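Below you'll find the structure, written out as structure tokens, and then a few comments.
Rule-based calculations on the coordinates, nothing more; no lab input. Owing to the predicted nature of the structure, the values given are computational and were not obtained by experimental measurement. Cβ coordinates were reconstructed from backbone atoms using ideal geometry, including for glycine residues, and neighbour counts include every protein chain displayed.
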Amino acid sequence: MTQEKTGTNIPSLYEWAGGMSTFEKLTDVFYKKVLQDELLEPIFKHMSPEHQIHVAHFIAEVFGGPSIYSTEEGNHFKMIQKHLAKHLTEQHRKRWVQLLLESADEIRLPDDPEFRSAFVAYIEWGTRIAVLNSNETSISMNPDEPMPTWGWGVPGKPFQN
């Protein structure tokens, strides 16, 4: 962590989580589970070897990390396009969330209520949008739409001791 959790130096979710290595470890553990899962494996079995690192970079950027995804790997519009016509269901979404949260616990992602509330809120929001978009063949969206950014949310900041 590079900032104190007191005063006005509130860390980003990215910093609080532990930085890029944390997100890369999370997606590594997570996609190993996905590829062993009876429901999700058929969807992901043909993913590129770079898929999990791209997802790590995307989530890290959304949580306040470096702009690796949007400057080197795509942008928000391209991420949305990847979900079109995949026909994901609520059952797929719930399993994806379940395995991601299990992976977060396994790698010991911070489990304080404020961080986990923000983390789960983003995962819920993002996966619900992914399901909606996956059942469309096209969407009208500005191709230069900025990346979403996610912060501490309603709690406003981490709990101060």
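Taking the range 84-115, which GluC sites (Glu not before Pro) meet the DSSP loop condition and have no more than 14 other C-beta atoms within 10 Å? Qualifying residues, ordered by number: none.
The HN-Hα couplings worked out from phi for the range 135-147 by the Karplus form 6.51 cos²θ - 1.76 cosθ + 1.60 (θ = phi - 60°) are 9, 10, 9, 7, 9, 8, 8, 4, x, 9, 3, x, 4 Hz, whole numbers, x standing for Gly and Pro. To the nearest 10 degrees, how steep is helix 113-134 against the longest Cα principal axis of the chain, on a 0 to 90 scale? Between the helix axis and the principal axis of the chain, the angle is about 20 degrees. Where does helix 20-34 land angle-wise versus the long Cα axis of the chain, in degrees 0 to 90, nearest 10? With both axes taken from Cα atoms, the answer is about 40 degrees.
The listed peptides 50-60, 19-29, 78-88, ordered by packing as a protection proxy, come out as 50-60, 19-29, 78-88 (highest mean of other Cβ atoms within 10 Å first).
A simple rule links phi to the HN-Hα coupling: the Karplus curve 6.51 cos²θ - 1.76 cosθ + 1.60 with θ = phi - 60°, which for the range 51-60 gives 3, 5, 6, 5, 5, 4, 5, 5, 4, 4 Hz, with x for Gly and Pro.
Both numbers refer to the Cα atoms of the range 31-161; Rg and Dmax are 15.2, 49 Å.
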